[in-house]
Each structure stands twice: as C-alpha cells, then as structure tokens.
Amino acid sequence: MSRALPKYNKRRVALIGGAAAVVLSGAVIAGSALAGETSKSNATSARTLADTGTIACPDVKSQLPTVPASAQAEVDRNLALLDTQIAEANKRLVDTVGQGGANFVQNAILGPLADKRKSTIDRIAISIGRTAEKPQGLDALAECALSTDGAAGTGDEAGAGDQAGTGEEAGAGEEATATPSATATDAAGDGAGEAGDGAGEAGDGAGEAGDTGDDATGVGTISCPDVASQLPAIPASAQAEVDRNLALLDTQIAEANKRLVDTVGQGGANFVQNAILGPLADKRIATVNRIATAIGRTAEKPQGLDSLAACTLNE
C-alpha cells in the first residue's frame with residue numbers, strides 16, 4: 001500500500017502538469033492572435049491616414065520682391081497665416097476621410113482654402129504696395145492641389161502641424177477663427193488690407209446674389225443675423241472701412257448660397273455644416289471683428305458682435 005502511493009502521486013502530478021501546459025499553450029496562441037489583430041489594426045490606420053494624401057500649395061515667400069521694412073511684420077504675419085491655413089486643411093482632410101462624393105475634397109477643402117489664400121496673398125501685396133511697387137499676379141499662387149505621394153506643402157507653407165485655430169488667424173483676414181487676439185487688432189491695420197478682400201470679392205458678389213435667389217429654390221438659402229442694425233454710432237473716420245466690411249458680409253453670404261447650389265446632393269448629413277456654414281462663420285467672425293476694431297480706434301469698441309457670425313440654412 002505504501003509503495004502504491006508514490007506512483008499515484010506521480011500520475012496526479014503528470015496530469016496536472018499536462019493540463020497546465022495546455023492552458024499555457026492556449027494563452028500563448030490567443031496572445032499571438034490578439035497581437036496580430038492589433039498590429040493589423042494599427043497598420044490599417046496608418047495606411048488610412050497615408051492614403052488621404054496631403055495638401056500641396058505653391059510657395060509664396062520665394063515669389064515676393066524685396067519687402068519694405070515698414071511692411072515686414074505684416075507680411076510675416078500673413079506668411080505664417082498661409083502655413084496655418086494649410087495645416088487646418090490637412091487636418092480637415094484627415095477628419096473627413098470617406099465623406100462625400102468625387103468632388104468633396106475640391107468643394108469642401110481645396111475651394112475654401114483657395115479663397116482664404118487669395119485674401120491673405122492680396123493683403124501681402126497691399127502691404128508691400130503701400131511703400132513700394134505692388135507685386136502683381138500673386139493670386140495665381142492661391143490654388144492648391146491634393147498630393148497623394150506624401151509630399152507636404154513646399155516652401156513657407158510646409159506643414160505647420162496642428163496650429164489650427166491659433167489666434168493669429170483672427171483678424172488677419174476673413175479666415176479668422178472664433179478666438180480674437182491682439183494679433184487680430186494689429187492685422188486689422190488701417191483697413192487697407194481689408195480693401196483687398198472687399199474689392200476683390202465684391203465685383204461679382206451682387207451678380208451671384210441675384211442668380212442664387214432663383215437657383216437656390218429647392219435647396220434652401222442661408223440666413224445670417226443682421227450686423228448693421230446692431231452697430232453703435234459709427235465715427236466718421238471709420239465709416240468707409242465699416243461700409244467695406246458690411247458689403248463683404250453680403251458677398252460672403254452670396255458666395256455661400258452659390259456654393260449651396262453648386263454642391264447640391266453632395267456629401268452626407270453634415271456636409272452643409274462642415275463645407276459651407278462652418279467656413280462662412282469663420283469668414284464672418286473675422287469681418288465682424290474688423291468692424292469692431294475700426295470703430296474702437298476712435299470710439300468705444302462694440303462687444304459681442306462675434307455672436308452674429310453663425311448662420312443657418314433655411315429649407
């Protein structure tokens with residue numbers, strides 16, 4: 001009896017050891033499978049981000065003539081703003097991957113980016129032209145393209161990282177974010193920069209407004225709060241600048257209504273908000289901030305006007 005016990009114990013140990021080995025093997029296999037799936041998922045995500053491509057824009061800085069010392073600060077601000085605009089467009093490119101149809105990127109990202117760049121480039125030309133010969137033809141550098149070979153923007157527009165929404169953009173032009181800053185006041189300057197925005201866009205603004213009224217039937221129209229009625233008494237010295245920017249607000253709405261018609265049927269449920277109403281609000285808040293800054297130079301600066309920037313779609 002005493003000699004049988006050791007054999008029994010040996011068999012029990014062997015059985016327990018075998019079971020443990022099976023459990024351990026199963027854990028190793030499951031771990032390997034999970035790691036494989038995780039690796040596959042990460043690789044898929046990396047490929048998805050890479051497949052979106054990047055925005056490539058012409059280099060502006062290298063095409064400028066000698067910049068007068070008096071214009072250098074303003075030119076530098078707007079060159080930095082070009083970087084920010086590309087960074088924001090690249091971020092939107094990633095955030096909206098898979099959305100919309102064949103023309104989504106052009107209509108929702110590249111088109112608005114070209115509009116912003118044109119205004120910024122115009123301000124650069126105007127600032128140089130105040131004390132030197134104004135450079136011509138720079139607006140040809142506004143158009144960008146989608147590059148799928150991983151190349152980022154060139155020159156001074158090389159990707160500026162996640163700078164989207166920096167205070168610099170506010171007031172530097174009609175591309176402002178919702179956060180006003182000291183740079184906004186500086187960039188407003190004496191209103192000459194905004195003249196480029198207003199004059200450049202107002203030329204066909206009225207025509208677009210007329211056409212849009214008929215074309216928009218069935219797709220709705222964009223309705224925005226009235227800014228002029230909310231303004232205090234305007235100093236005579238600011239009247240011209242305020243009038244220019246009020247006209248620009250009308251032009252922006254006309255352009256948004258035209259885009260609404262041109263892109264009917266495109267995108268998903270949030271297309272109008274992301275591709276039309278959002279960019280329009282950004283433009284309006286910058287323009288409204290310029291109005292407030294113009295008044296504030298010689299009178300009390302009106303507060304809270306940026307609450308008038310958001311617009312809605314009337315079905």
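For segment 225-238, filtering for residues that are open to solvent by 30 Å² or more (accessible area, probe 1.4 Å), in a helix (DSSP H, G or I) and small (Gly, Ala, Ser) leaves 4.
A single member of ALA275, ALA247, ALA233 is in contact with a helix residue (DSSP H, G or I) (Cβ under 6 Å, 6 or more places away or on another chain) and at pLDDT 90 or above, and it is ALA247. Yes or no: LEU277 in a helix (DSSP H, G or I), without any contact (Cβ under 8 Å) to a residue 60 or more places away in the chain and under 26 Å from the mean Cα position of the chain (by Cα)? Here the answer is yes, as LEU277 does meet what is asked.
Part of a loop (DSSP other than H, G, I, E, B) and at pLDDT 50 or above - does that describe any residue in segment 147-169? Yes: segment 147-169 contains one or more residues that are part of a loop (DSSP other than H, G, I, E, B) and at pLDDT 50 or above.
Among the residues of segment 55-86, those that are open to solvent by 10 Å² or more (accessible area, probe 1.4 Å) and among the aliphatic types (A, V, I, L, M) comprise ALA56, LEU64, VAL67, ALA69, ALA73, LEU79, ALA80. What about GLU241, is it more than 20 Å from the chain's Cα centre (by Cα) and surrounded by 23 or more Cβ atoms within 10 Å (Cβ to Cβ)? Spelling it out, GLU241 is indeed more than 20 Å from the chain's Cα centre (by Cα) and surrounded by 23 or more Cβ atoms within 10 Å (Cβ to Cβ). The numbered conditions (1) more than 27 Å from ALA281 (Cβ to Cβ); (2) surrounded by 15 or more Cβ atoms within 10 Å (Cβ to Cβ) are all true for ARG117 except (1).
For the list (1) under 19 Å from ARG92 (Cβ atoms); (2) assigned to a helix (DSSP H, G or I), I need the number of the one condition that ALA310 fails. Checking ALA310 against (1) under 19 Å from ARG92 (Cβ atoms); (2) assigned to a helix (DSSP H, G or I), the one that fails is (2). One residue alone among GLU315, GLU300 is farther than 22 Å from ASP95 by Cβ, open to solvent by 50 Å² or more (accessible area, probe 1.4 Å), over 23 Å from the mean Cα position of the chain (by Cα) and at pLDDT below 90, and that residue is GLU315. Among the residues of segment 259-295, how many are out of contact with any strand residue (DSSP E or B) (no Cβ under 8 Å at 6 or more places or on another chain) and under 18 Å from GLY100 (Cα atoms)? Of the residues in that region, 17 qualify.
Here GLY220 meets the list (1) open to solvent by less than 30 Å² (accessible area, probe 1.4 Å); (2) modelled with pLDDT of 90 or more; (3) touching a strand residue (DSSP E or B) at 6+ places or on another chain (Cβ under 6 Å); (4) of a type in the set (Gly, Ala, Ser) almost entirely, failing just condition (2).
The values are calculated or read from the model by the stated rules, or taken from the named source; none is laboratory data. Remember, it's a predicted structure, so these values are computed and weren't measured experimentally. FYI the Cβ positions are ideal-geometry reconstructions off the backbone, even for glycines, and counts take in every protein chain you see. Accessible surface areas use protein heavy atoms only, side chains included; no ligands, DNA or RNA. Shrake-Rupley method; radii C 1.70, N 1.55, O 1.52, S 1.80 Å.
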